[in-house]
Amino acid sequence: MKTLRYRLAVVALATLAAVAAGTPAMGQNDDDVVVEGLCSKRSDYKLKASPEDGRIEVEGEVDSSRVGQTWRWKLWHNGSPTGWGTRTTKAPSGSFEVRRVIVDLAGTDWSTFRARNVRSGEICRGVVATTELLAQSVAEPAIPRGMVNGEAGAIDRFDRAVRSRLLVGDVKRIKIWNKSGRIVYSDEGSLIDQSFTLGEEEVEVLTAGGHDAEASDLGKPENRFEKSSGGLLEVYTRIWSPEGVPLLFEVYYSAKDIEERKSEVFSAFRPITLGGLIALVILAAPLLWVLTRRLERTARDRERLLRSAVDASLAERRRIARDLHDTVVQDLAGTAFALSASARDGGATRTELERLGQSVRGSLRSLRSLLVEILPPNLATSGLHAALEDLVATAAGNGVAVEVEADGLAGVDNATAGLVWRVAQEAVRNTLRHAQAEHLNVRVSTVNGTVLLEVTDDGKGFDPHEAGDRTHFGLRGMESLIADAGGNLQVTSSPGQGTRVRLELEAR
């Protein structure tokens, strides 16, 4: 029942903004109903409703403390627009205000004020309901002295003065109670001066002020005259008699009319809500599509790189095994057979021994080159120049003339030297495998704090724009590492013109 009561209160009062009677806001008269508060950011707003010759004057005000701001504003009455426009805040308070007179005083009428800062998007919004106007602006000022004590003449004067002004619109019944539960006044005369038990909520409103609402229990004795009215909603607030006695002002509304008003409210906001959702979907759909495509493309690229890395690893293992079998193993086998033959023949000549020694030294160079490819050297111990010499050791055996230059590398840190060596390793490997070159040049230098690496050959070259195979996959795979280190890698080649690999990397 409590949940239903509050749900009905929200529907009936349309988020009724209450300023308790007896605690008026600054600048308001006794007959005014004022709601004020903070906007969605730093500005303040105020919404005031006051009676004016049977009409309602609604005034909306925004104070942003900033001069020259442009605001769009709108006023609604029962969900229908009554005024709108654009205003600019002025000195000295940085405020603006708008007024409208509503020719309707119909019980549960409500007015809504909304203002939006064009630049910042800040929104101010307030709602004021006329139920409090009935209590504070119609009923309370008309209460004569003596009515609170049950004087018949005072009750009659009050009835003649305000009855037609209270029973307006969808108002079905009026009751005014004192704190003991006695009905001081009702438009149903037979209820006057009868006493009933007040509920906890009614007592709380009488004591602390404010307002409350609940579905009427038509089975209660005080509601026996409303049984044929169908469902009712009772809304109550506190007013004061001229003697300073607090009274409970209670208004009964038709539940059917409340449902109609609820539909009006929801209908007014439905285009805003649905429009916002549709706009969000329209804006988000292309973004989600782009992100999805990007994620799919990234996943395909990662899968392709992973497969290429696995294939490259398998190919490297096969190459090392082939190189060991075709070079070092064959050379060592030949040397072993030659030594065995010399031993059987009774000794070897000096020339024969020299030839066998050269063969063994060549095999050692090949093994060192393979070891360098399998396990990178410790550059801090051996130095970059020595590591590059080991890297190209097998080139002479392949009939390639090699030149290595590495100068001015003192002070280059191990991380930079390691990245330079890895690029050189991949470039030399590609030359020996694919270029069919006769000359290979590896040059490393430091210029103005930048380490430069150039690996050039005079091989058959290739077209970088049509290289769809894995020939230079290793270099492409290192581009991200080089970019993260702040370097730049360029591969220049053309068919029949050789290849140049150039690395620029800031020394640390």
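A compact table of results
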read-out: Net length gained if the chain between LYS460 and GLU403 were fully extended (0.36 nm per residue, minus Cα distance); value: 18.6 nm
read-out: Residues ARG66 and ARG165, FRET efficiency given R0 of 45 Å [Cβ-Cβ distance, rounded to 0.05]; value: 0.60
read-out: Contour excess over end-to-end distance, with Cα ends at SER494 and GLU188 and 0.36 nm allotted per residue; value: 99.6 nm
read-out: Violating pairs (Cα-Cα greater than 32 angstrom) within the set LYS46/LYS175; LYS74/LYS175; LYS48/LYS90; LYS41/LYS179; LYS48/LYS175; LYS179/LYS227; value: LYS74/LYS175; LYS41/LYS179
read-out: Pairwise label distance in nanometres, SER80 with VAL203, each label 7 Å out on the Cα-Cβ vector; value: 4.4
read-out: Two-site FRET efficiency, ILE123 against GLN436, from Cβ-Cβ distance with R₀ of 56 Å, rounded to 0.05; value: 0.15
read-out: Inter-probe distance in nm under a simple model that places probes 7 Å from Cα toward Cβ, at SER359 and ARG145; value: 13.8
read-out: Pair GLU506, SER445: separation of 7 Å Cα→Cβ label points (nm); value: 2.2
read-out: Whether segment 158-225 is rounded, prolate or oblate, judged on the alpha carbon gyration tensor where a/c under 1.5 counts as rounded; value: rounded
read-out: Extension gain, ASP301 back to ARG100 (0.36 nm per residue minus Cα-Cα distance, nm); value: 65.9 nm
read-out: Rounded to the nearest 10 Å², the accessible area of THR456 at probe 1.4 Å; value: 40
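The values are calculated or read from the model by the stated rules, or taken from the named source; none is laboratory data. Remember, predicted model here, so these are calculated numbers, not experimental data. Neighbour counts are summed over all protein chains in view; Cβ atoms, including those assigned to glycine, are modelled from backbone coordinates with ideal geometry. Areas reflect the complete protein model, heavy atoms only, side chains present, ligands, DNA and RNA absent. Shrake-Rupley method; radii C 1.70, N 1.55, O 1.52, S 1.80 Å.
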